[in-house]
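First comes the structure, then the notes that go with it.
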Amino acid sequence: MSLFGKLFGGKSQPDTAPHHSTKPELYGNDYRIFPEPMKAESGYRIAAKIEKDFGGETRAHRMIRADTMSDIDDARRESLRKAQIFIDQMGDAIFADPRM
């Protein structure tokens, strides 16, 4: 797809990478990481869903990086690693309301 097509809402390729793992990777005592690489033109984009429970409410954050990898399994491993680094750097601020 051309650059202008992407900017102005042109149709993109369907995302055929499997989403939600059946079992999340646990990180620390509280975080659940679902590696969910996204299909991209040059392979698979690094992406993951990070969840944590706060007082009975589950909050989620979708992490998407610019990095791509050609192999889906490598992309899953790298998505997990990048999510762990993101959690270490940001902690619970990942889930802060951006309107505040």
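Some points to look at:
- Residue ID - nearest to residue 37 (Cα to Cα), chosen from residues in region 70-88 that are touching a strand residue (DSSP E or B) at 6+ places or on another chain (Cβ under 6 Å) and among the β-branched types (Val, Ile, Thr): 72
- Positions within region 52-92 being aromatic (Phe, Trp, Tyr) and without any contact (Cβ under 8 Å) to a residue 40 or more places away in the chain, in sequence order: 86
- Residues of region 55-90 that turn out to be outside any strand (DSSP E or B), β-branched (Val, Ile, Thr) and within 15 Å of residue 45 (Cβ to Cβ), as a count: 1
- Of the listed requirements (1) modelled with pLDDT under 95; (2) exposed (fewer than 14 other Cβ atoms within 10 Å of the Cβ); (3) within 18 Å of residue 82 (Cβ to Cβ), residue 3 misses just one: (3).
- Of all residues in region 27-37, those that are outside any loop (DSSP other than H, G, I, E, B), buried (at least 19 other Cβ atoms within 10 Å of the Cβ) and touching a residue at least 24 places away in the same chain (Cβ under 8 Å) total 3.
- Residues of region 38-48 that turn out to be surrounded by fewer than 19 Cβ atoms within 10 Å (Cβ to Cβ) and of a type in the set (Val, Ile, Thr), as a count: 0
- If only residues of region 49-65 that are more than 17 Å from residue 26 (Cα to Cα) and at pLDDT 95 or above are counted, the one that is surrounded by the most Cβ atoms within 10 Å (Cβ to Cβ) is 65.
- A count restricted to region 66-100 and to residues that are small (Gly, Ala, Ser) and surrounded by fewer than 16 Cβ atoms within 10 Å (Cβ to Cβ) stands at 5.
The values are calculated or read from the model by the stated rules, or taken from the named source; none is laboratory data. Keep in mind that this is a model prediction, so the values were computed, not measured. When we count neighbours, we look across all protein chains shown, and the Cβ atoms used for this are built from the backbone with ideal geometry, even at glycine.
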